Amino acid sequence: MRNVKCLLVAVLGLMIATCCTNNHVIETIGIDRIDTNGIYFSYEYLDKKHMGSFPLDLIDENFYSTDSLKIKIDKNNPDEFEFVSVIRRKWPKEEVYIPIDPSKEKISQYHSIDKKPLFEGVTDDASNNSVVQEFLKKELLQIQREISGRKAIYLIIDEQGKAFVEEIVMADDTTENNLRKIVENMPLFEPGEHKGKKVKVSYLVEIK
């Protein structure tokens with residue numbers, strides 16, 4: 001009887017562990033870009049492309065741009081992910097060396113701060129992305145007839161809540177120019193905060 005009970009406990013534990021991991025999937029992805037603000041990458045899940053970034057100080061070990069990252073993706077919300085580990089390269093490739101300038105102004109990563117910069121009218125983090133995406137998409141369609149494919153905008157939101165374009169990828173020249181004009185006239189965000197202080201924040205937005 002004791003053996004049966006032990007077996008039932010073991011099976012139950014396995015079922016609970018499986019249930020906990022069923023909500024996530026582990027993926028190994030490449031690094032697209034590294035700069036002094038963070039590590040940028042993209043990944044595909046269920047035939048859709050997603051983009052993300054991590055702050056440099058999240059990884060407490062040396063790594064190269066040719067290494068890969070292992071991340072845990074939320075199946076219910078594939079835009080949400082967690083860093084798991086660095087996967088070392090197994091063959092020589094061209095490396096990118098990123099010199100860190102200690103005098104450069106610090107820019108915090110959106111997902112690493114205590115209080116996210118919220119767009120006007122937004123009261124919680126969960127709806128912030130969708131509201132910003134919808135605003136940019138709506139404004140863009142008022143200027144041009146269509147939006148082909150996905151666009152990614154790296155925004156910098158300063159301590160006053162003003163948004164600036166850091167970089168736009170996967171966009172033609174016309175779309176990029178239009179997006180820059182839209183961001184220039186964007187309403188202010190509620191500034192982001194970390195450890196009780198307002199901070200400048202790097203924020204990645206996708207337009208689908």
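Any residue at all in segment 29-43 that's over 26 Å from V199 (Cα atoms), open to solvent by 50 Å² or more (accessible area, probe 1.4 Å) and either over 21 Å from the mean Cα position of the chain (by Cα) or at pLDDT 75 or above (or both)? There is no residue in segment 29-43 that is over 26 Å from V199 (Cα atoms), open to solvent by 50 Å² or more (accessible area, probe 1.4 Å) and either over 21 Å from the mean Cα position of the chain (by Cα) or at pLDDT 75 or above (or both). Those residues that are part of a helix (DSSP H, G or I) and over 18 Å from E120 (Cβ atoms), I need them from segment 180-206; list them, please. Correct list: R180, K181.
Quick one: how many residues across segment 145-171 are charged (D, E, K, R) and free of Cβ contacts under 8 Å to residues at least 24 places away in the same chain?
Looking only at that region, the number is 3.
The condition of being without any contact (Cβ under 8 Å) to a residue 60 or more places away in the chain, farther than 28 Å from F81 by Cα, open to solvent by 80 Å² or more (accessible area, probe 1.4 Å) and among the basic types (K, R) holds for only one of K181, K197, that being K181. When segment 69-95 is filtered for residues that are at pLDDT below 85, farther than 16 Å from P55 by Cβ, of a type in the set (A, V, I, L, M, F, W, C) and surrounded by 14 or more Cβ atoms within 10 Å (Cβ to Cβ), only I87 remains.
The values are calculated or read from the model by the stated rules, or taken from the named source; none is laboratory data. Not measured: the values here are computed from a predicted model. Backbone-built Cβ (ideal geometry, glycine too); neighbour counts: all protein chains shown. For accessibility, only protein heavy atoms count, side chains too; no ligands or nucleic acids. Shrake-Rupley method; radii C 1.70, N 1.55, O 1.52, S 1.80 Å.
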